[in-house]
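Colleague: After the structure tokens below, expect a handful of questions from me.
The values are calculated or read from the model by the stated rules, or taken from the named source; none is laboratory data. These numbers come from a predicted model, not from an experiment. Positions of Cβ are generated from backbone atoms using ideal geometry, with glycine treated the same way; all protein chains shown enter the neighbour counts. Side chains are part of the model used for accessible areas, which takes the heavy atoms of the whole protein and leaves out ligands, DNA and RNA. Shrake-Rupley method; radii C 1.70, N 1.55, O 1.52, S 1.80 Å.
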Amino acid sequence: MNNTVKRPLNGGVEDDDEDEADGADLEAWERTYAEDRSWESLQEDESGLLRPIDTTAIHHAQYRRRLRALASTAATARIQKGLIRYLYIVVDLSKAASETDLKPSRMAVIGRQVEAFIREFFDQNPLSHIGLVTIKDGIAHCLTELGGSPESHIKALMGKLECSGDASLQNALELVLGYLNQIPSYGHREVLILYSALSTCDPGDLMETIQKCKKSKIRCSVIGLAAEMFICKHLSQETGGTYSVALDESHLKELVLEHAPPPPAIAEYATANLIKMGFPQRAAESAVAICTCHEEARTGGGYTCPRCKVRVCELPTECRICGLTLISSPHLARSYHHLFPIVPFDEVSQTSQNGSSHNFSSDCFGCQQSLLSQGNKPGLSVTCPKCKQQFCLDCDIYIHESLHNCPGCESFRHSNSVTTAQ
Amino acid sequence: MPSAPSKLYSDDVSLLVVTLDTNPFFWSTFSFPFSEFLSHVLAFLNSILLLSQLNQVVVIATGCNSCTYLYDSSSDKNHGSTTGSMPSLYSDLLHNLEVFLAGDQQLAKPRVNAAGGGAPPPSLLSGSLSMALCYIQRAFRSGPIHPQPRILCLQGSADGPEQYVAIMNSIFSAQHSTVPIDSCYIGSNNSAFLQQASYITGGIYYRPPHLDGLFQYFSTVFATDLHSRAFLRLPKSVGVDFRASCFCHKQTIDMGYVCSVCLSIFCEHHDKCSTCGSVFGQAQSNVPSSTDRKRKA
Ligand SMILES: [Zn+2]
Ligand SMILES: [Zn+2]
Ligand SMILES: [Zn+2]
Ligand SMILES: [Zn+2]
Ligand SMILES: [Zn+2]
């Protein structure tokens, strides 16, 4: 297939359109205006046009505070992030999920948030697995088994979004317990329950099941959609999870996405291991080969196991012939910026600039934007403590939030050779 | 709503950021002279600017000791004039290139003395890619109407495995902001980094078979704007080399050991992870799996 088809042609523009379309779906009286107070972020310019208030300085200050907080937490809990997670998402589809306190219904909102969560989860936890369980009519049902492909989970969930009957916490936990007890010892076992009901209809003693979860080191977290329940709180406290109740859709989104970044690994919960892995090459688009997963001849795509040279269709997977874990190496590399974070840049203070103006460069090293504010006076800028290059505030944010490389450090070899020599 | 006109505008107007490999160690051993290569590139860049007066071209040099901006068609600092024998693109770019090459050489001197030869150093692709992305973010910031950015890597020297993490970071950032990275690689073996970059970001990777016709390849494959690409039959991928670099020896490997705590890649078995310090349990050659057990049974 031609991969040009999938590519969004004009970046941000399309996203904006989608958002607008989202809002347009609702009737005017269903939209919320009270929250965003959009009129407060406007000001009039000289010509009387409305413009958004210039908040760069404020934003940048906020960003630096966030960065510092992140750096300090990273220093204490450095790197030790259990990155191989086995997570079951339990979705309550009892009749309480048809309530319309969230628009259009709790169920639809949950579906949307779980979809967003699954995508974010695999972005942040490339080696991890998710499984989906639904509760309906007092029975827990396994929708998808633990797997690494976001699309298959989302498809399965979207096809099953209908609700009826009671919820049963115990049945769900017992089912998940059975599956999670089989996973390798280095994996982190987690359950995330999205619970709409205010009751649970169980066949036995729920407390016993909670103790079993605790013993199996399964971290159970619950997000309630109605009101706080003692049993949910008890479950999460016992197993080291979190419990929260969503106030509205945006709060729910926040709560769900809190579970996407890996929780700090507790040493006793998982043992560190070296796993042997293969990084298969992708075959030419026109190549024809027989794959081992479907056992038929296929054109294009496909990956070749580096050990036994057999063809598989999708990654991550396990080679069916030699058993080697096959993974796409970019998947691993996505998390490397956690391992090698770039240091926060130093703010160039106004006074030091005046003192040693010869050190001040007039353009941002990254984007070539002028660092001079009006009247040719040096504006706000930052400098990398390692390579001493100067950057504008926008680049500072971009470099730390998205790029995770210092362009200055990357483009001077002598800085590298000095560090390796020492 | 301004979306309709902005779409029309952004589909056809390109911001092309070119990273130009100037590594003297590569060009001195390569069969095709740099000056000839440069003349193909300059003709190509000129043709991009002539396709639309709103098109914008930025050239960044990928040296082996430093990287720098060589040319920006939107900059008002271009001092050259079109009145002479050369258009300003040529005179400015060539002037800056000369200055850069001299500086790059200067930086190389103490290093060569210290290292005493060995393998030729790779170009600093991670640096020029990072700079290109910063520049493109500036274009995104300029408002809702901006030209469609893309990156074209003109690369000849081999991959530098020590840049692996930095290059991957750049690739993901480009993917995140939907900036395609096109690569024209002229070296003898395929570049795994550029293959991955183009595959992940949806750009085109192409290795021209005949360097004499370089301008033709440039103008038919890499000159097309993103909107038009959907209608063309561009060269299909000849496969992607997904090999990674190990953290211990900076070697390119297709099989290795991965730390389950931090995902660091090693080419051989270690007792302790050098990145995160985890001490590994029993030497485990493979993940115990259901299929494994079934096969044994
Ligand atoms: Zn195999
Ligand atoms: Zn900048
Ligand atoms: Zn730096
Ligand atoms: Zn190694
Ligand atoms: Zn590690």
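Colleague: Stretched out fully, how many nm does the piece from A:H251 to A:Q237 gain, at 0.36 nm a residue minus the Cα gap?
Modeller: Here the segment from A:H251 to A:Q237 would lengthen by 2.9 nm.
Colleague: Against the globular-protein guess of 2.2 N^0.38 Å, express the Cα radius of gyration of the stretch B:122-194 as a ratio, rounded to two decimals.
Modeller: Compactness ratio reported: 1.15.
Colleague: Using a 1.4 Å probe, how large is the accessible area of A:F340, given in Å² and rounded to the nearest 10?
Modeller: About 90 Å², ignoring ligands and nucleic acids.
Colleague: While we're looking at this one, here's another question. How long is the gain from A:C293 to A:L372 if the chain were fully straight, where each residue apart is worth 0.36 nm and the alpha carbon distance is subtracted?
Modeller: Residue separation times 0.36 nm, minus the Cα-Cα distance, leaves 22.5 nm.
Colleague: Can you give me the orientation-averaged projected area of the convex hull built on the Cα atoms of the stretch A:81-257, in nm²?
Modeller: Average projection, Cα convex hull of the stretch A:81-257: 8.8 nm².
Colleague: How far apart, in nm, are two points set 7 Å out from the Cα along the Cα-to-Cβ line at A:K214 and at A:K386?
Modeller: Spacing of the two 7 Å Cα→Cβ label points: 4.6 nm.
Colleague: How much length, in nm to one decimal, is gained on full extension between A:A156 and A:A108, taken as 0.36 nm per residue of separation minus their Cα-Cα distance?
Modeller: Full extension from A:A156 to A:A108 adds 15.9 nm.
Colleague: Distance check, please: which entries in A:K214/B:K272; A:K217/A:K276; A:K276/B:K272; A:K276/A:K309; A:K155/A:K217 exceed 20 angstrom between their Cα atoms?
Modeller: From A:K214/B:K272; A:K217/A:K276; A:K276/B:K272; A:K276/A:K309; A:K155/A:K217, over 20 Å: A:K214/B:K272; A:K217/A:K276; A:K155/A:K217.
Colleague: Leaving ligands and nucleic acids out of the surface, order A:M107, A:M207 by accessible area at 1.4 Å, largest first.
Modeller: Accessible-area ranking of A:M107, A:M207, largest first: A:M207, A:M107.
Colleague: Viscosity 1.002 mPa s, temperature 20 °C: Stokes-Einstein D of the stretch B:14-231 from its Kirkwood Cα radius, in µm² per second?
Modeller: Translational D for this selection: 121 µm²/s.
Colleague: Which of A:K95/A:K160; A:K136/A:K233; A:K136/A:K215 have a Cα-Cα distance over 20 Å?
Modeller: Listed pairs above 20 Å: A:K136/A:K233; A:K136/A:K215.
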